[in-house]
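J.: Below is one structure. I have some questions about it.
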């Protein structure tokens, strides 16, 4: 990418009905809610552990891109993740893949973006820009019980802006970019000295398109960030996007094989992976997302080949999904009244 290829943020705010709707929630507490964008969040990108990254690095500290295959909406998909090469104190470069801290920082940034004084959305160019400070991210994470140091947040921003994702559907490349694109930052010394200086970055095209098409869902962001396990958060997001008609009278089911597409089930044995799923479901019961769950092991002979999980929603989750559904309906009406095309 050349300097001419780098996009710059708009010089002034752009009036956007789509962004207005994205920033409005049906809730008594605006601080507790955010937006889920299913197509972007379905791409597995935050499943790397320090041990896994260490194994992927060559003796030089570099690493080849990592490919992960999965299924989304019945279509075979692949994500290729090119790691960020970050200079260390000794002058050498180490490869880093996005992991748990980057996941949490992204959630914090998407929440900050819903405050219109920190975001700009250009509906015609399908571009969304966020203005932030390291201190603002640190404050947001701390408020959710996910404290990170400024050094950790700075590192996460570097990884998010430097790693490259390539997304394929049916072996056809459909998107290539970083989690935070076109990062505009200040000089190194000033950056190190002043953590309150604003930085600007462009959010992925998936998010911008979802804003334009009203394809997102309100959810309890505070509850999500309260989950300690990554798999708990991944399942919770799946329920938000898929279990839309949740009620105390119905349930929802999914398979162990589907959960494996998250990239988060890479324990030494399948038995340990199944234990990890139960631990995640237990946490969702504790957090009020689920009332209870059951599982049915599918076997061939004595071997477990898959597991069906049936979950019953908790009353809090039911209430939140009903609010999310009303918001979808209200947004659709407001968009039509504003003359926007609604599919």
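The values are calculated or read from the model by the stated rules, or taken from the named source; none is laboratory data. Note that the coordinates shown come from a computational prediction; the quantities given were computed from them, not determined experimentally. All Cβ positions, glycine included, derive from the backbone under ideal geometry; neighbour counts span all protein chains shown.
J.: Just to be sure before I move on: is residue 247 assigned to a loop (DSSP other than H, G, I, E, B), over 21 Å from residue 101 (Cβ atoms) and touching a strand residue (DSSP E or B) at 6+ places or on another chain (Cβ under 9 Å) in the structure I sent? Give the derivation first.
T.: Numbers: assigned to a loop (DSSP other than H, G, I, E, B): yes; over 21 Å from residue 101 (Cβ atoms): yes; touching a strand residue (DSSP E or B) at 6+ places or on another chain (Cβ under 9 Å): yes.
Yes; evaluated as a whole, the condition is true for this residue.
Quick grid of which residues meet (1) modelled with pLDDT of 95 or more; (2) more than 20 Å from the chain's Cα centre (by Cα); (3) more than 30 Å from residue 20 (Cβ to Cβ):
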position	(1), (2), (3)
243	yes, no, no
246	yes, yes, no
255	yes, yes, yes
271	yes, yes, yes
305	yes, yes, yes
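J.: Taking residue 117 as the residue in question, decide whether it is without any contact (Cβ under 8 Å) to a residue 24 or more places away in the chain, closer than 30 Å to residue 15 by Cα and either within 19 Å of the chain's Cα centre (by Cα) or assigned to a helix (DSSP H, G or I) (or both).
T.: Taking the combined requirement at face value, the residue satisfies it.
J.: Restricting to segment 127-177, name every residue that is touching a residue at least 24 places away in the same chain (Cβ under 8 Å), assigned to a loop (DSSP other than H, G, I, E, B) and under 19 Å from the mean Cα position of the chain (by Cα).
T.: 144, 145, 146, 148, 163
J.: Determine whether residue 212 is within 18 Å of the chain's Cα centre (by Cα), crowded, with 16+ Cβ neighbours inside 10 Å, within 29 Å of residue 333 (Cα to Cα) and modelled with pLDDT of 95 or more. Quick ask: steps written out before the conclusion?
T.: Values: within 18 Å of the chain's Cα centre (by Cα): no; crowded, with 16+ Cβ neighbours inside 10 Å: yes; within 29 Å of residue 333 (Cα to Cα): yes; modelled with pLDDT of 95 or more: yes.
Spelling it out, it is not the case that residue 212 is within 18 Å of the chain's Cα centre (by Cα), crowded, with 16+ Cβ neighbours inside 10 Å, within 29 Å of residue 333 (Cα to Cα) and modelled with pLDDT of 95 or more.
J.: Could you please find all residues in segment 313-328 being in contact (Cβ under 8 Å) with a residue 60 or more places away in the chain and under 18 Å from residue 235 (Cα atoms)?
T.: Those that are in contact (Cβ under 8 Å) with a residue 60 or more places away in the chain and under 18 Å from residue 235 (Cα atoms): 313, 315, 316, 317, 318, 320, 321, 324.
J.: Could I ask something else about it? Residues of segment 31-67 being in a helix (DSSP H, G or I) and either in contact with a helix residue (DSSP H, G or I) (Cβ under 8 Å, 6 or more places away or on another chain) or not assigned by TED's automatic domain parsing to the domain that holds residue 104 (or both), which ones?
T.: Step one: list which residues in segment 31-67 are in a helix (DSSP H, G or I), which gives 31-32, 38-41, 50-56.
Result: 31, 32, 38, 39, 40, 41.
J.: Applying the selection to segment 295-312, what residues are over 27 Å from residue 37 (Cβ atoms) and touching a residue at least 12 places away in the same chain (Cβ under 8 Å)? So that I can check it myself, show each step before the final result.
T.: Taking segment 295-312 as the starting set, the residues that turn out to be over 27 Å from residue 37 (Cβ atoms) are 295-308.
Answer for segment 295-312, where residues must be over 27 Å from residue 37 (Cβ atoms) and touching a residue at least 12 places away in the same chain (Cβ under 8 Å): 295, 296, 304, 306, 307, 308.
J.: A further question follows. Answer yes or no: is there a residue in segment 159-170 that is in contact with a helix residue (DSSP H, G or I) (Cβ under 8 Å, 6 or more places away or on another chain) and in the same structural domain as residue 89 (by TED's automatic domain parsing).
T.: There is at least one residue in segment 159-170 that is in contact with a helix residue (DSSP H, G or I) (Cβ under 8 Å, 6 or more places away or on another chain) and in the same structural domain as residue 89 (by TED's automatic domain parsing).
J.: For residue 78, which of the numbered conditions (1) touching a helix residue (DSSP H, G or I) at 6+ places or on another chain (Cβ under 8 Å); (2) at pLDDT 95 or above; (3) within 27 Å of residue 215 (Cβ to Cβ); (4) assigned to a strand (DSSP E or B) fails to hold?
T.: Condition (1) is where residue 78 drops out.
J.: Check segment 104-113 and report whether any residue there is modelled with pLDDT of 95 or more, assigned to a strand (DSSP E or B) and either in contact with a strand residue (DSSP E or B) (Cβ under 6 Å, 6 or more places away or on another chain) or buried (at least 18 other Cβ atoms within 10 Å of the Cβ) (or both).
T.: The first filter runs over segment 104-113 and keeps only residues modelled with pLDDT of 95 or more, leaving 104-113.
From what's left, assigned to a strand (DSSP E or B): none.
Checked against the condition, which is being modelled with pLDDT of 95 or more, assigned to a strand (DSSP E or B) and either in contact with a strand residue (DSSP E or B) (Cβ under 6 Å, 6 or more places away or on another chain) or buried (at least 18 other Cβ atoms within 10 Å of the Cβ) (or both), segment 104-113 yields no hits at all.
J.: Against the conditions (1) touching a helix residue (DSSP H, G or I) at 6+ places or on another chain (Cβ under 9 Å); (2) surrounded by fewer than 19 Cβ atoms within 10 Å (Cβ to Cβ); (3) within 26 Å of residue 174 (Cα to Cα), where does residue 295 fall short? Just the number, please.
T.: The single condition residue 295 does not satisfy is (3).
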